Amino acid sequence: MTATRRLALIGLPALFLAARPAAAQDTPVRLFRLVTQRGEIVMGLTPAELAALGTGPEVERIARRIAQEGQVTGWRYVVGRAPDGSTRLATREQVAVLRQEALVVEPYTAALPVAPPPAR
């Protein structure tokens with residue numbers, strides 16, 4: 001395998017990460033799947049909440065907050081019904097993920113429409 005081909009294969013995953021569906025980019029909240037000792041949750045953070053976590057890639061900001069502050073707080077998203085009867089992801093409650101429990105943080109792309117978090 002040539003060096004050029006190896007470099008092309010190394011860059012290939014970055015293309016998939018950068019190519020998110022347009023619907024995921026237009027939502028008022030970014031979703032992340034967090035694996036904890038107790039199970040998995042889908043957590044949503046608004047662009048403002050993500051900006052408050054600092055700079056850098058979003059996943060790194062969340063991981064850095066968990067490592068430095070000991071926790072991160074966001075909205076838990078679950079599948080539910082919209083007022084019109086359609087299926088969507090909506091907030092259930094605010095949750096805090098603690099440093100002792102967080103194992104994996106990764107972006108989550110929803111196949112369903114995503115409701116914005118409640119106004120504070």
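Please treat every number below as a calculation from the coordinates, not as lab data. Model, not experiment: these values are computed from the prediction. Ideal geometry is used to build each Cβ from the backbone, glycine not excepted, and the neighbour counts take in all protein chains shown.
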- Message: Taking R0 as 22 Å, what FRET efficiency do you get between ARG92 and ALA119 from their Cβ-Cβ distance, rounded to the nearest 0.05?
- Response: 0.85
- Relative exposure of GLU101, GLU49, GLU106, judged by other C-beta atoms within 10 Å (fewest first): GLU106, GLU101, GLU49
- Just check segment 22-107 against the gyration tensor rule for me: Cα atoms, a ≥ b ≥ c as the square roots of the eigenvalues, rounded for a/c under 1.5, and otherwise prolate or oblate depending on whether a/b exceeds b/c. oblate
- Message: In whole Hz and in residue order, list the ³J(HN,Hα) couplings for segment 47-53 that follow from phi through the Karplus curve 6.51 cos²θ - 1.76 cosθ + 1.60, θ = phi - 60°; x for Gly and Pro.
- Response: x, 5, 5, 5, 4, 5, 7
- When the chain is fully extended, how far beyond the present Cα-Cα distance does GLU106 get from GLU40, taking 0.36 nm per residue of separation? 22.6 nm
